[in-house]
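Accompanying notes for the structure given below.
The values are calculated or read from the model by the stated rules, or taken from the named source; none is laboratory data. This one's a predicted model, so the numbers in the text were calculated from it and none came from an experiment. Here the Cβ positions follow ideal geometry from the backbone for every residue, glycine too, while neighbour counts run over all protein chains shown. When the accessible area is computed, the model is the full protein with side chains, heavy atoms only, and any ligands, DNA or RNA have been set aside. Shrake-Rupley method; radii C 1.70, N 1.55, O 1.52, S 1.80 Å.
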Amino acid sequence: MAEKSQHQNHKTIPLYMKAISGSLGGIVEASCLQPIDVIKTRLQLDRSGNYKGIIHCGSTIVQNEGVRALWKGLTPFATHLTLKYALRMGSNAVLQSAFKDSETGKLSPQGRLLSGFGAGVLEALIIVTPFEVVKIRLQQQRGLKPELMKYKGPIHCARTVIREEGLRGLWAGATPTVMRNGTNQAAMFTAKNAFDVILWKKHEGDGKVLQPWQSMISGFLAGTAGPVCTGPFDVVKTRLMAQSRSGGELKYKGMFHAISTIYAEEGLLALWKGLLPRLMRIPPGQAIMWAVADQVIGFYERTYMHNAPL
């Protein structure tokens, strides 16, 4: 038995497997949940109260723009999620191994939090911000006729933003995105690990493979904390990304200016606009992503680390 636990300590899940498991989970998640993301963006950008709520917003989009409009921005969204989860899971694993105690191989709660925060900051700067700028610009366009729209598609949108606003235009809203993703991932990785241990007695690398429904419950619960904490960052990020620098004067000068302006003009609750669709999007998204990722990692653990029968 001692030999087996020693054997387990030395064998860890390789980084590329963490990255692959995350990206596969991201593809499945994006396809299922894109409509909720479109509705969330439209609600957050709605200053004049055109939409009465989630159902009304969704039905209005379908009525005016067709069902396919609910999957607007899917290409950048799916690419973005695939790359984001690969980077998130991979960088979190690198940081966790850096924070592990060299003697015992144990990771402290602070180490887990910092690893999650670091992974969130990296994904925000490298992947999330430019992809979300493109996605939000595409999602805010209303109408049925593509030829009348300013942005014809993801590549055209990115090129137009760079031409009109410079490369920095693709990193509009980077500060609140870093804050949102860092806080989100610190909470999510810590909570997912805690729920796995509390609910299912599952410790990382122990060879125990959760059932998909168990992964979904842990992932769903872990995914609820972030949106509540980071609501204001998300609203401000969306507003900053949506405003084009080509139109002259910018309404919001930066993160703090945007928070104070929204609070002054629309009240405190406006900083949590779109929270319900975020809660409809993120926890189920985490449930789907972890169900896929845990199965991939579990398969690897069983096959290559423990030689246990499938």
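Modelled this way, with points 7 Å down the Cα-to-C-beta line, the labels at K152 and E204 are 4.6 nm from one another. Label separation (K253 vs S108): 4.1 nm, computed from points 7 Å beyond Cα along the C-beta direction.
Would you please report the Å³ per residue occupied by the convex hull of the alpha carbon atoms in segment 1-112?
Each residue corresponds to 154 Å³ of Cα convex hull volume.
Over segment 171-293, all Cα pairs binned in 10 Å intervals from 0 give whole-percent P(r) values of 13, 36, 26, 16, 7, 1, listed from short to long.
Once the Cα atoms are used to define both axes, helix 74-99 deviates from the longest principal axis of the chain by about 40 degrees.
Structural descriptor for the chain: relative contact order 25 percent, calculated from alpha carbon pairs under 8 angstrom and at least 6 residues apart. Counting only alpha carbon atoms, the long axis of helix 255-266 and the longest principal axis of the chain meet at about 60°.
Over the chain, accessible surface divided per residue gives 48 Å², non-protein components excluded, 1.4 Å probe.
Taken about its Cα centre, segment 15-298 carries a charge dipole of roughly 600 debye when the Cβ of each Lys and Arg holds +1 and the Cβ of each Asp and Glu holds -1. Rounded to the nearest angstrom and listed largest first, the equivalent-ellipsoid semi-axes of the chain from its Cα gyration tensor are 38, 20, 18.
Taking the 1.4 Å solvent-accessible surface of the chain as the whole, the part contributed by carbon and sulfur is 65%. The residue among C57, Y85, L24 whose Cα reaches farthest toward the positive pole of the charge dipole of the chain, with charges on the beta-carbon of Lys, Arg, Asp and Glu, is C57. Helix 129-139 and the long axis of the chain differ in direction by around 50°, with both axes built from C-alpha atoms. The Cα center of segment 194-218 and the Cα center of segment 124-183 differ in position by 37 Å.
With the charge dipole of segment 15-298 set up from +1 on Lys and Arg Cβ and -1 on Asp and Glu Cβ about the Cα centre, the Cα lying farthest toward the positive end among the listed residues S108, I262, N193 is that of I262. Highest average first, the peptides 121-134, 90-103 ordered by how many other beta carbon atoms sit within 10 Å of their residues are 121-134, 90-103.
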